[in-house]
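The values are calculated or read from the model by the stated rules, or taken from the named source; none is laboratory data. Because the structure is a prediction, the values reported are computed rather than measured. Here Cβ is always computed from backbone atoms with ideal geometry, including for glycine, and neighbour counts include all displayed protein chains.
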Amino acid sequence: METGIELRHLRYFLAVAEDLHFGQAAKRLHIAQPPLSQQIRQLERMVGHALFVRTSRSVQLTPAGALLVERARLTLAKVQEDVEAVQRAGRGEDGTLTVGFVESAILSRLPAVLRRYRLVHPRVRLRLHEFHTRQLVDALRNGLVDVGLARDAEAEEWMQVEPVVIEPFIVVAPTGHRLARQETATWVELKNEPFVFFERSAGQQAWDRTIENCERHGFQPNIVQEAEQWLTVLRLVGAGLGVTVAPASVAGIAHADVVCRPLAPDGGATHLDLVYRRDTANPLVGGFRRLVLEGMAEPTGLNAEEIPPKA
């Protein structure tokens, strides 16, 4: 038995099976009747059985032909479904998108953006993974994530970096600290304070940016304790180990043992960056990027009026 059945054979066969008339089927297919008859005979040779009983007055399906009608319809429907799925993927409407993000990103408008993305692209399977910035960049380089939100990402030749949120820095101190009685704080006021800080390996540029601000105001911070997560940092600050400087969004997870105060004047800022490979082959990245830029473009964070004083 020959094994070279093509989709056109099935389409031609179904047209004849539906009309039970070679002439009408040929007209519907916009081909001449002799080539159509030839294609049907070729298909019958391939399957090894007659598909039609032909007489001078009628055309009828054989049992094998009746079964092929069912199978051919399923096959063509599946092919059409697959083609439409590929087209949706090409338009960025279907497939899998793996998104990485740093802890502080979830305190921004990211949850609302993710909700919007699911509404706009319900066919996309969205995978979410939390990283430190350094881990996120490594995962992006190795193809483990498609796109991410990093904190003060370092520019690299292969990676596109787009700042999407600019946040002011804030000071976080224990409730009994002298800063609790102030509406704002300055970098200079932190000169002799012990610092609790996130680990340098979590994000080199974010770490450097904070240290540079301290040095610009005449001191090297005395880091007495490091931690991996902002929640841990805040708990340690609340326990009295020291103060910290954080993105303003971190105030969203502050607990009763700490106070958050804006740094003024010229307290500096930190960026939440959209990062993805310049050579990305995933068409879904473009759609995600558009929604991120739309949903997170406005600056976030707390200013002096928005951070309530704590006694």
Leading residue by the ranking (farthest from GLY203 (Cα to Cα)) among those in region 79-97 that are in a helix (DSSP H, G or I) and of a type in the set (A, V, I, L, M, F, W, C) = VAL79
Within region 98-112, identify whether any single residue is over 23 Å from GLN205 (Cβ atoms), in contact with a helix residue (DSSP H, G or I) (Cβ under 8 Å, 6 or more places away or on another chain) and surrounded by 14 or more Cβ atoms within 10 Å (Cβ to Cβ), and answer yes or no.
-> no
In the set LEU119, LEU179, LEU128, which member is at pLDDT 95 or above and either under 22 Å from LEU97 (Cβ atoms) or among the hydrophobic types (A, V, I, L, M, F, W, C) (or both)?
-> LEU128
Can you tell me which residue in region 133-149 is farthest from the chain's Cα centre (by Cα), limited to those that are assigned to a loop (DSSP other than H, G, I, E, B) and surrounded by fewer than 21 Cβ atoms within 10 Å (Cβ to Cβ)?
-> ASN142
Subset of region 147-165, residues of a type in the set (Asp, Glu) and within 13 Å of MET296 (Cβ to Cβ), comes to GLU162
Would you please name the residue that is surrounded by the most Cβ atoms within 10 Å (Cβ to Cβ), looking only at residues in region 25-41 that are over 23 Å from ALA77 (Cβ atoms) and not hydrophobic (A, V, I, L, M, F, W, C)?
-> SER37
Which residue, of ARG127, ARG116, is touching a residue at least 24 places away in the same chain (Cβ under 8 Å), in a strand (DSSP E or B), closer than 30 Å to ALA246 by Cα and basic (Lys, Arg)?
-> ARG127
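Every residue, every condition in (1) surrounded by fewer than 19 Cβ atoms within 10 Å (Cβ to Cβ); (2) within 25 Å of VAL137 (Cβ to Cβ), yes or no:
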| site | (1), (2) |
| --- | --- |
| ASP208 | yes, yes |
| HIS217 | yes, no |
| ILE223 | yes, yes |
| SER249 | no, yes |
| PRO265 | yes, no |
